[in-house]
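Asker: What follows is a single structure, and I will ask about it in a moment.
Rule-based calculations on the coordinates, nothing more; no lab input. Bear in mind that the values here come from a model prediction, so they are computed numbers and not experimental data. FYI the Cβ positions are ideal-geometry reconstructions off the backbone, even for glycines, and counts take in every protein chain you see.
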Amino acid sequence: MLRRRELRLMTFLLLFLAACFLAYSNGANDNFKGVAPLFGSRTCSYRTAISWATITTSLF
């Protein structure tokens, strides 16, 4: 049986990975609207705009 500390660490890691996945998928969909002007004005590339959306989603 796992110790309580190991169980907490595994739970934390699982939640962290789930949050990262959600931030990535949400950043690639809805949050692009927030950085669309960057891409539309050709200030940055599509990949850079998606990166900005993903980063800001994971921070908030």
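Asker: Can you order the peptides 5-14, 44-53 by their average number of other Cβ atoms within 10 Å per residue, highest first?
Answerer: 44-53, 5-14
Asker: Please compute the volume of the convex hull spanned by the alpha-carbon atoms of the chain and report it per residue in Å³.
Answerer: 74
Asker: Select from Tyr24, Gly34, Met10 the residue farthest towards the positive end of the dipole of the chain; place +1 on Cβ of Lys and Arg, -1 on Cβ of Asp and Glu, and compute about the Cα centre.
Answerer: Checking the options against the dipole of the chain, the answer is Met10.
Asker: Pulled fully out, how much extra length does the chain show between Thr43 and Arg4, if you take 0.36 nm times their separation in residues and subtract their Cα-Cα distance?
Answerer: Extending this stretch completely gives an extra 9.1 nm.
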